[in-house]
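Since every read-out is calculated from the coordinates, none of them should be taken as a lab result. Predicted model, so just to flag it, every value in this text is computed and none were measured. In this analysis, Cβ positions are derived from the backbone assuming ideal geometry, glycine residues included, and neighbour counts consider all displayed protein chains.
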Amino acid sequence: MQVHFRNTRRTERVDGPLRVSQVLERFDVNPETVLVIHAGQLVTKDHLLPDDAEVELRPVISGGAGPARCHACPAPSVIEVARHRAAYCAGHFVDHVRSQVRAAIDRHGMLSYDDHVLVAVSGGKDSLALWDVLLDMGYRADGLYLGLGIGKYSDRSGRVVADFAAARGARLRTVNLADEHGFDIPRATADRTRSSCGVCGLSKRYVFNRVALEHGYDVMATGHNLDDEAATLLGNVLRWQTPFMARQSPVLPAAPGQLARKVKPLYRLGEREMAAYCVIRGLDYVVEECPLVEGNTVLRYKDALNELERRSPGTKTQFLFGFLDRVQPRHFARDDADPGEVAPCAGCGMPTSVPRGPDATGEAVCAFCRTRGRLLRGGGGRPRAAAHR
Ligand code: SF4
Ligand SMILES: [Zn+2]
Ligand SMILES: [Zn+2]
């Protein structure tokens, strides 16, 4: 049979028939990190693959073992979710994803049906699945795509998002970083203060917040999932970044005129579940990693958590939910997250913290404008005033 690997694209041959679990062992692949797709369908570890099978090992993270039948009906399962000790057929898996999103929204009062929601969409599985689920649940949800200028990766991401919006008849807003702000993310590799992922994250937060405020959206939804949030928490714990720990939440409240409310309706669902949702729903998404991902430290924490999850399913949820439910409310005072005095940025007019300390000049310039200024001075950018459609 032929086994197709993504990311590092290659195809290996192996004699069959073999069970999925045997194929994974043969190639030393952690089952937590992949979906196995045979003949366009997800298959579980006991599925027998014939000798002439073509199998795709699609990289994701999370998941595990479980029973072979759907926990809600007699149909065979297509996906196992070890931390719930459950397996699902395609239809009941989609119900499971929606019910977890519903639980997140209701538990934290994230959204109401009167809200106008802006979904940050990248072309990856999480944000497209989120937009899909919110539209199906009847929310008024527009998409916002930020063009990062990362070569073919960004070209494909932009196409995937536009195709999804057209297919669903949904409104998509697009901001191109180079056109609007004079630099792109590959140029950010020249920045000595932040990694390219750091500049990328800063740019996304800035642009999404600005567009949400300028166009009067009530709330901004992002596709951060359980793996993202658990990995971020682990990174913050390892370095005792207490101000970040105080702010880490499925809901960040609005500061009127300054910050749009931000919600993370997927925080109860793992990456593997989101990838499976896209496959089952037939959503095309960008599987390949961003070519600049080397600078993304969160991936190391995801790997570590996946090793723990493999041996003890449920570790990630216990870690994250335990922090959110028990540790944060008791041990992190709101002062930890206090941004201090806020004033309009001298560069772009968006609200930003006024600098404190003996070296402070008193002029407030936001982190995005400082970074943008460094990049444009560093060579080759197209200086112009920051502006949005
Ligand atoms: S890997 Fe880094 S540069 Fe690439 S999209 Fe993610 S945050 Fe941006
Ligand atoms: Zn079922
Ligand atoms: Zn600014």
Lysine pair count for the chain [Cα-Cα under 21 Å; pairs on different chains or 8 or more apart]: 12
Euclidean distance of C-alpha centroids, segment 83-126 and segment 264-286, integer Å: 9 Å
Full extension from Gln41 to Glu307: what is 0.36 nm times the residue separation minus their Cα-Cα distance, to one decimal in nm? 93.1 nm
Exposure proxy ranking, count of Cβ atoms within 10 Å, fewest first, for Phe93, Phe208: Phe208, Phe93
Using a 10 Å cut-off on Cβ atoms, rank the peptides 317-325, 256-264 from the highest mean neighbour count down. 256-264, 317-325
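Would you kindly calculate the translational diffusion coefficient of the chain, applying Stokes-Einstein with the Kirkwood radius from alpha carbon pairs, for 20 °C and a viscosity of 1.002 mPa s, and quote it in µm² s⁻¹ without decimals?
Details: Rh = 22.3 Å.
D, rounded to a whole number, is 96 µm²/s.
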Bins of 5 Å, beginning at zero and ending with the bin holding the largest distance: percent of Cα pairs per bin for segment 215-323, please. 2, 10, 17, 21, 19, 17, 10, 3, 1, 0
At a 10 Å Cβ-Cβ cut-off, how would you order Ser195, Ser99, fewest neighbours first? Ser99, Ser195
To the nearest 0.05, the calculated FRET efficiency linking Ser21 and Ala190 through their beta-carbon distance, R0 being 45 Å, is 0.45
How long is the gain from Phe321 to Glu294 if the chain were fully straight, where each residue apart is worth 0.36 nm and the alpha carbon distance is subtracted? 6.9 nm
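Can you give the calculated 222 nm mean residue ellipticity of the chain, where each DSSP H run of n ≥ 4 adds -39,500 (n - 2.57) and the sum is split over every residue, rounded to the nearest 500 deg cm²/dmol?
Working: 13 runs with 147 residues, N = 389.
Counting only the DSSP helices, I get -11500 deg cm²/dmol.
For Ser112 and Ala162, calculate 0.36 nm times their separation in residues minus their Cα-Cα distance, and state this gained length in nm to one decimal. Could the numbers behind the result be given before it?
On the way: separation 50, 0.36 × 50 = 18.00 nm, distance 2.60 nm.
Stretched out fully, the Ser112 to Ala162 stretch lengthens by 15.4 nm.
With the radius of gyration and the Kirkwood radius both derived from the Cα set of segment 91-290, what is their ratio Rg to Rh? Walk me through the numbers before you get to the answer.
Values: Rg = 16.4 Å, Rh = 17.4 Å.
A ratio of 0.94.
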Where q = 0.11, 0.12 Å⁻¹, what log10 of I(q)/I(0) comes from the Debye formula for segment 2-89, counting one point per Cα? -0.28, -0.34
Where the only charges are on Cβ atoms (+1 Lys, Arg; -1 Asp, Glu), what is the dipole of segment 2-89 about its Cα centre, to the nearest 20 debye? 320 debye
Fewest to most Cβ atoms within 10 Å: Tyr277, Tyr206 sort as Tyr206, Tyr277
For segment 185-225, average projected area of the Cα convex hull in nm²: 3.7 nm²
How high is the FRET efficiency from Leu252 to Arg13, r the C-beta distance, R0 35 Å, rounded to 0.05? 0.10
